[in-house]
Structures are given as C-alpha cells and as structure tokens.
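To start, the structure itself, in structure tokens.
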Amino acid sequence: MHTPVKDPTGKTTEYRDENDTCPVCKSDRFLNKNLRLLVSPCYHRMCEGCIDRIFTLGPAPCPIPGCGTILRKMQFIHQTFEDLTVEKEVGVRRRIAKEFNKRRQDFQDLRSYNDYLEMVEDITFNLINNIKVRETEELIEKNRRENAALIELNIQRDERDVSSLQEEEARERRDREQRAAELRMMEEEEKFEKEREKQAIIDGLATSNTDADRLVAKTRAEAAKRSQARRRPDISNLLSSSTTTSYNNTRNTFAKDEPHVPFTDDWDDCHDRFSLRLPGDQSPYYDPTTIEVRKDVEGKYRAGGYMLEEVWERALRSAVMALDITPLPEDE
Amino acid sequence: MTVSLNGQASVVKKSLYEGSTQFRHWRFSSTSLAKLRASQNADAVAKIRNAFEDDSPGSSSTIQFLSADEEYLLVKLYISKISQLCAHFRFPEEVEATAVSYLKRFYLRNTVMDYHPKNVMLTAIFLAAKTSNHPIGIEQYVHSIPKTKPADVLDLEFLVAQSLRFEFTVWHAHRALWGIWLDVQTISGFNQATLEDEYGQALERVRASRMTDAELIFTPSQIALACLHSVSPDLAEQWANLKSPNTADAVMETISRIQEIIDTQSGPPDLAMVKDIDRRLKICTNPEKVVGSKAYMAKQAEIEAEAARKRTKKAEGLRANMERDPFADDAPGATLVPTEPQSAALNPTRDHRML
C-alpha cells in the first residue's frame with residue numbers, strides 16, 4: 001500500500017527511532033512492535049493504523065489539530081530524514097526542479113538567467129516556510145501554463161543527458177573488463193609458455209644426443225623470441241589507450257619551473273669567487289676522500305640526501321670566505 | 001664618478017662568516033685573550049680563597065693557586081688527548097676539531113680550579129659528536145674509557161653547553177683547507193701528484209694549529225692558507241692573489257703571524273711541569289666543588305635552603321590565590337567553611353574580598 005523506500009542503490013533507508021510515538025493515537029513502540037510512522041503531504045507523522053482507520057473510506061482532513069488539510073491514503077510517504085523540515089525542503093526542491101527546469105541556453109544573457117534562478121529560489125523559500133502559499137502556487141501554475149512546451153523539452157533533454165552518461169560509464173566499464181581479461185589471458189599464456197619450454201627441454205634431453213647446456217640455451221632463446229613477438233603489440237596498444245593520452249595532455253600544462261633565489265639580503269655567500277666543478281663534469285675535482293661517496297653503488301649516501309656538489313661548495317665557500325678579514329688590533 | 005661610488009656603497013655585502021657566532025663572540029686579539037684569562041684567573045682565585053677562609057680562617061695563606069698560564073698549560077695537555085680519544089672511537093676529523101674548540105671556549109669562561117679538564121674534555125667530545133652528527137650512546141662511550149661513569153659525562157653536559165652559550169657551530173680550518181685544495185686544482189701548471197702530497201702535509205699543519213690559540217684570533221680560511229703556505233709558498237701566494245687581488249699583502253702579513261704562532265706554540269706541554277700543576281690543583285681546587293668536603297656540604301645546604309625558600313614563597317603565593325578565588329565558596333568542597341549571612345556580615349574583610 002505505502003511506497004517503500006525508492007532507492008535502487010540501497011544507500012538511503014527509512015528513518016525510525018526507538019522512542020517513536022504516533023501523535024494521533026499515542027501508541028508507541030512498546031505497545032506496537034511494528035509501529036511505522038509515515039509522513040503526510042502537510043508533513044505530519046502518523047502510524048499506519050491511524051492512516052487505515054481514517055483514510056480507508058476516502059479523502060479526509062488531517063487529524064492533527066490546526067491543520068485540516070484534505071489527505072488521501074496514497075499520498076503518505078515514508079520518512080527519510082529525522083528532521084521533518086529537511087524532509088519538506090527536499091520534497092519541495094524536487095517538485096520545483098521539475099517545474100522550473102529552464103537552462104542557461106534558454107536565456108539571452110547571464111543576467112536574465114540569474115534573475116530566473118533567484119525567482120525559483122524565492123518560490124522554493126516561500127513554499128518551505130509557508131509564506132504566501134496561495135500566490136506562490138498561482139505563480140507555479142502560471143509558469144506551467146506559459147512554458148509547457150519548454151518544460152517538456154527540457155525533461156526530455158535531461159533524460160537524454162542521463163542516458164548518455166550511463167552509456168559512457170557502461171562503455172568505460174566494458175573497456176576495463178576487457179583490458180583485465182586480456183592481461184589475464186597474457187599471464188596464462190606466459191605460464192603455459194614456460195611450462196611448454198620446460199617440457200621441451202626435458203623432451204629434448206630425453207631424445208637427442210646434443211650437449212645439455214647447448215640444448216637448454218637454444219630452447220630458452222626460442223622461447224624468449226616467441227614471448228618478445230607476443231608482447232610488442234601489447235605495449236603499443238597500451239600507449240594508445242585513452243588514459244595515457246589524457247595524462248600526456250595534462251602534463252604539458254604545468255607551470256614553468258622558475259629558479260629559486262635564496263639570498264636577497266645583505267649577506268654575501270662568496271659564490272662569485274670560485275667556479276664549482278660538478279661530480280658529473282668532464283674533469284671533476286681529484287678528491288680521494290670522497291671516492292666511495294661518488295661510487296655509491298647501493299645508494300647509501302644518496303638515500304640520506306647527501307649531495308657531493310653541496311659538500312664541495314661548502315668547502316670552497318669556507319676556503320674563500322673571510323680571507324681578507326683583518327684580525328682584531330693588539331691593544332696595549 | 002658619483003654613480004660608481006653610490007653603486008659601490010649599495011653593493012658592499014658582509015660575508016656570511018661575519019654573521020657567525022664564531023666571528024661575533026669567539027674572536028679575540030692575542031693580548032685581549034691574555035687579559036681575559038688573567039682576569040678570569042684572578043676572579044677565580046679570589047672566590048676560592050674566600051671559600052677556604054669560610055671553611056677555616058687562615059687556611060688559604062699557604063695554598064699556591066694556579067696562574068693563568070698554568071691553567072692554560074693543563075688545558076693544552078687535555079686538548080692533545082682529544083685527538084687520541086677520537087682516533088680510538090674512529091670519529092671523523094670534524095668531531096675532533098669541534099671538541100677542541102669547545103674545550104678552548106669552555107675555559108675562556110670557567111676555571112680549571114672549578115672543573116677539572118679531564119671530565120670537561122670527555123663531555124666536550126661527547127657533545128661534539130652529537131653536534132657534528134656522529135652521535136654515540138653514552139654507555140658505549142664510557143665503556144671504553146677507564147674509571148668513568150655516565151654521570152661524569154652527563155653532569156657537565158648542560159654546564160658545557162651553557163658556557164658555549166649554546167653556540168655549537170664551529171667553522172673549521174680543515175674544511176677551508178679542503179676547499180683550497182679543491183680550488184687550486186683549477187689553476188693549471190701544478191703537478192697533481194705532488195699536490196696531493198702537499199695537501200697531506202698542510203693538513204698536518206692544520207692539526208698542529210689546533211694546539212694553539214690561532215682559531216680564536218684568525219679566520220679558518222686564513223689558518224688554512226697559512227698551513228698551505230708553509231708547505232708550498234708559491235701555490236699559496238698564487239691562489240691568494242687570485243682570490244683577493246686587492247688585499248693580498250695584508251693576507252700575507254696575517255699568514256706570517258699565524259705561521260709564527262703555529263711554530264712557537266703547537267708543541268706539546270712539558271709533561272713534568274703539567275704533572276706538578278696537576279698535583280697542586282688537587283690542593284687548590286675549589287672546595288665547594290669537591291664532593292664530600294665541608295665547604296661542599298655548606299654550599300649544597302645553601303643551595304638547598306635557597307630552593308626551599310623559593311618553594312615556600314611560591315606555595316604561599318598559590319595559597320593566597322586560591323583563597324581569593326571567587327568560586328571557592330560555591331564549590332561543593334567549600335561547605336567545610338560555614339558562610340552564613342551573619343558571619344559574612346561579621347567578617348567585613350571577607351565581605352570586601354567577595355566584592
């Protein structure tokens with residue numbers, strides 16, 4: 001009878017609370033374990049029992065004192081939010097979005113579009129807060145009459161947008177699955193190839209009289225050639241895929257890397273009094289103390305951020321710095 | 001002409017070394033160094049004499065206190081021991097040089113008669129290892145030094161750091177020499193093989209210069225150049241002319257002074273003499289620093305009393321604050337003190353405080 005939660009994703013659930021009490025019959029969860037409160041179009045809550053009792057025989061006024069809106073049984077909806085004002089706002093906005101669905105391109109300039117949006121927001125606000133409801137409803141009705149064709153067109157447009165978006169997503173998902181399947185197949189083939197290679201070696205050793213090492217090497221080389229031939233087109237395929245191209249496009253738009261100027265004060269770091277040779281130069285300094293650092297096979301020194309050029313620069317700097325400072329005078 | 005003058009005035013920049021603490025706080029002339037040591041020594045002697053007199057009047061008349069030169073000689077002996085210890089721990093040269101600088105600087109602000117250089121030396125090496133990025137665990141450190149406990153090193157650590165004014169960075173002559181050696185390779189016309197040999201000899205000279213006061217008077221690059229000059233005068237002069245063409249003569253004059261100091265002062269101190277000084281030091285050590293002596297007890301009691309006085313003063317201040325707390329009467333724990341309206345009326349001062 002009552003609309004259950006309409007949400008295929010299952011992310012929203014019906015709101016229920018342990019302390020729920022029906023404001024009409026005052027029954028609560030202690031008396032009725034399956035108490036379910038539903039919300040009327042005038043945003044009042046009452047239990048399913050009361051709704052059956054009052055509205056089974058046709059439309060009737062809302063039993064909440066001071067309301068009296070004529071309600072039907074089918075109009076009751078489940079509650080999603082704890083706060084009924086939020087419930088109401090969501091409902092109003094959903095309704096208004098259907099009525100006022102003009103787009104930017106339906107207007108000549110931005111100004112008029114913004115005015116339209118503001119008018120829509122005013123209407124929404126009035127409906128939510130029950131301000132000048134009758135006039136607002138008239139306004140909505142007038143809009144519906146005047147723009148019936150456009151509204152219908154825009155509804156169709158929205159539907160088209162949604163369906164194209166869904167298509168796009170579906171295509172991407174298909175691509176992904178296909179790629180994963182290809183990868184899986186490649187792996188399997190590789191495994192199979194390895195197995196075949198092993199088998200070929202064993203067979204060869206069993207049947208022929210050639211040298212064992214040479215046979216193994218020959219079979220391996222053949223297998224390597226085969227796998228090479230198989231892999232090549234895959235790489236080119238991968239490069240032309242859409243994700244890679246879009247990544248390349250974004251890379252080109254990076255900001256230019258300006259060199260950093262560390263010192264702009266009155267201190268002189270004496271860098272103009274020597275010219276540093278770098279470790280990667282044609283003829284770097286002859287320096288036996290740092291041979292090990294320059295080789296650095298395991299990357300031990302580099303890992304800690306040790307940079308030989310900086311160490312050399314520091315030494316050179318301390319060599320030329322303060323060379324011409326006169327010592328303090330000898331007083332008597 | 002004016003344009004160039006103006007341009008020059010705006011371009012004059014100070015080298016980064018002139019911003020260092022070494023330049024600003026640890027730079028002296030040889031006479032001012034001698035004066036500083038003498039006045040330091042006189043102050044220390046006066047203080048220690050007073051301590052002896054307080055202990056038992058007339059007892060200081062027979063004591064021969066150390067002179068400034070004798071103090072310096074003892075420090076010098078322990079400077080020479082630093083390199084032995086650092087070699088044992090396989091510390092890099094940087095640690096050794098830093099520790100030497102620390103020891104020298106420490107005794108510019110303290111006296112041997114207060115703190116014996118043996119322990120200060122150990123602390124200086126331990127601290128230098130930390131500040132030059134080669135830290136060693138205290139247990140591992142004292143393990144290889146006989147008759148030393150972790151407390152011997154750590155108790156002095158803060159004092160040493162404080163005496164250094166927490167200025168741990170030292171500009172070393174051996175780094176400057178390394179830089180000079182790298183840079184002379186760009187001057188053509190010198191044989192690389194002999195150059196390496198000369199660098200080794202110059203480095204030995206730099207190590208010798210650490211036994212002197214040179215680093216407290218001259219800049220590291222000057223000391224390094226002086227050391228190279230005494231090994232290979234041509235090379236040093238050519239390099240100096242290249243690097244500071246305008247002031248080359250002044251630099252050469254400074255260098256000759258450094259060489260003179262290294263030649264005359266870098267020898268190790270006479271061992272017999274130092275032993276005699278150490279024997280006398282046992283007698284004239286500040287009694288307030290000798291653990292277990294009567295003066296030490298008295299000093300400790302004095303410190304203790306001062307601390308207690310401060311504590312009680314602080315506690316009183318806190319208590320007064322607590323009583324003045326306007327919320328104290330409303331607190332549930334405050335029911336112990338009855339605050340009826342009559343008693344409040346009878347007690348005007350309390351009423352006044354409430355306002």
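The values are calculated or read from the model by the stated rules, or taken from the named source; none is laboratory data. These numbers were taken from a predicted model, which means no experiment stands behind them. Neighbour counts are summed over all protein chains in view; Cβ atoms, including those assigned to glycine, are modelled from backbone coordinates with ideal geometry.
Between B:Val231, B:Val251, the distinction of being touching an Asp or Glu at 6+ places or on another chain (Cβ under 7 Å), crowded, with 21+ Cβ neighbours inside 10 Å and not aromatic (Phe, Trp, Tyr) belongs to B:Val251 only.
Taking the criterion of being more than 19 Å from the chain's Cα centre (by Cα), of a type in the set (Phe, Trp, Tyr) and within 14 Å of chain A (Cβ to nearest Cβ), the residues of region B:130-186 that qualify are B:Trp178, B:Trp181. Has region B:260-269 got any residue that is more than 14 Å from chain A (Cβ to nearest Cβ), over 19 Å from B:Asp197 (Cα atoms), in a helix (DSSP H, G or I) and hydrophobic (A, V, I, L, M, F, W, C)? So far as region B:260-269 goes, yes, one or more of its residues are more than 14 Å from chain A (Cβ to nearest Cβ), over 19 Å from B:Asp197 (Cα atoms), in a helix (DSSP H, G or I) and hydrophobic (A, V, I, L, M, F, W, C).
Do we have any residue at all in region A:131-139 that's part of a helix (DSSP H, G or I), touching an Asp or Glu at 6+ places or on another chain (Cβ under 7 Å) and among the basic types (Lys, Arg)?
Of all residues in region A:131-139, those part of a helix (DSSP H, G or I) come to A:133-139.
The next check asks that each one be touching an Asp or Glu at 6+ places or on another chain (Cβ under 7 Å); those that pass are none.
No, region A:131-139 has no match at all.
Inspect all residues belonging to region B:215-228 and state whether any of them is within 14 Å of chain A (Cβ to nearest Cβ), outside any helix (DSSP H, G or I) and surrounded by 21 or more Cβ atoms within 10 Å (Cβ to Cβ). Within region B:215-228, one or more residues are within 14 Å of chain A (Cβ to nearest Cβ), outside any helix (DSSP H, G or I) and surrounded by 21 or more Cβ atoms within 10 Å (Cβ to Cβ). Kindly indicate whether any position in region A:224-239 is assigned by TED's automatic domain parsing to the domain that holds A:Arg176, modelled with pLDDT of 80 or more and either farther than 30 Å from B:Thr186 by Cβ or assigned to a loop (DSSP other than H, G, I, E, B) (or both). Checked against the condition, which is being assigned by TED's automatic domain parsing to the domain that holds A:Arg176, modelled with pLDDT of 80 or more and either farther than 30 Å from B:Thr186 by Cβ or assigned to a loop (DSSP other than H, G, I, E, B) (or both), region A:224-239 yields at least one hit. If you go through region A:265-285 one residue at a time, do you hit one that is more than 49 Å from the chain's Cα centre (by Cα), within 14 Å of chain B (Cβ to nearest Cβ) and at positive phi? Yes, region A:265-285 contains a residue that is more than 49 Å from the chain's Cα centre (by Cα), within 14 Å of chain B (Cβ to nearest Cβ) and at positive phi. The residues of region B:242-258 that are more than 9 Å from every other protein chain (Cβ to nearest Cβ) and not in a helix (DSSP H, G or I) amount to a single one, B:Pro245.
Taking the condition in contact (Cβ under 8 Å) with a residue 40 or more places away in the chain, surrounded by 11 or more Cβ atoms within 10 Å (Cβ to Cβ) and of a type in the set (Lys, Arg), does A:Arg144 pass? Considered against the rule, which asks whether it is in contact (Cβ under 8 Å) with a residue 40 or more places away in the chain, surrounded by 11 or more Cβ atoms within 10 Å (Cβ to Cβ) and of a type in the set (Lys, Arg), A:Arg144 comes out as yes. Among residues belonging to region A:307-323 that are surrounded by fewer than 18 Cβ atoms within 10 Å (Cβ to Cβ) and either in contact with a Lys or Arg (Cβ under 6 Å, 6 or more places away or on another chain) or away from chain B (no Cβ under 11 Å) (or both), point out the one that is farthest from A:His271 (Cα to Cα). Across region A:307-323, the extreme among qualifying residues is A:Met307.
May I ask you to verify whether B:Lys47 is in the same structural domain as B:Lys275 (by TED's automatic domain parsing), more than 26 Å from B:Glu139 (Cα to Cα) and out of contact with any Lys or Arg (no Cβ under 9 Å at 6 or more places or on another chain)? Yes; evaluated as a whole, the condition is true for this residue. Could we say that A:Thr85 is outside the structural domain of A:Tyr15 (by TED's automatic domain parsing), of a type in the set (Ser, Thr, Tyr), within 29 Å of A:Val39 (Cβ to Cβ) and surrounded by 12 or more Cβ atoms within 10 Å (Cβ to Cβ) here? Taking the combined requirement at face value, the residue does not satisfy it.
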